[in-house]
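Read-outs throughout are calculated quantities, based only on the coordinates presented, and are distinct from any laboratory measurement. These numbers were taken from a predicted model, which means no experiment stands behind them. A quick note on method: Cβ atoms are made from the backbone with ideal geometry, for glycine too, and the neighbour counts reach across all protein chains shown.
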Amino acid sequence: QVHVVESGGGLVQAGGSLRLSCVASGRPGNYYDMGWFRQAPGKERDFVSSISWSGQSTYYADSVKGRFTISRDNAKNTVYLQMNRLKPEDTAVYYCAVQIGTNYELRAHYDYWGQGTQVTVSS
């Protein structure tokens with residue numbers, strides 16, 4: 001069993017920055033491929049970014065490429081999402097989860113979702 005908790009959301013003006021954190025607690029010594037998704041009101045939960053357990057591989061949705069950076073600190077069991085040059089269309093609840101399948105873009109290939117953290121970008 002893995003417990004995931006996100007934090008760091010908030011209200012920011014367009015062009016600003018936020019850093020989200022995701023702590024995944026499970027068996028000591030186990031590291032997981034992790035991903036961030038987001039869900040705006042009335043929309044599907046979409047892939048944002050993912051990172052391999054070692055941190056060597058990272059992936060981004062086209063909509064955030066060049067603005068968001070995913071990273072991790074395995075000593076702290078924490079994955080980060082640095083979000084720069086935020087836009088109003090980035091407004092959503094951001095979720096972190098453990099990747100259990102092979103396709104990092106598919107929601108169905110993730111489990112152990114956190115409760116989400118709200119990000120609101122004002123224009």
Quiz prompt | Vicinal HN-Hα couplings computed from phi for the range 94-102 (Karplus, 6.51 cos²θ - 1.76 cosθ + 1.60; Hz; Gly/Pro x) | solution = 9, 10, 10, 7, 8, 7, 10, x, 9
Quiz item: About its Cα centre, how strong a charge dipole does the chain have in debye, to the nearest 20, once Lys and Arg get +1 and Asp and Glu get -1 at the Cβ?
Solution: 220
Quiz item: In percent, what relative contact order does the chain have, based on Cα pairs under 8 Å that are 6 or more apart in sequence?
Solution: 35
Practice problem: Provide, for q = 0.19, 0.21, 0.22 Å⁻¹, the log10 of I(q)/I(0) from a solvent-free Debye sum over equal Cα point scatterers in the chain. | Solution: -0.97, -1.19, -1.31
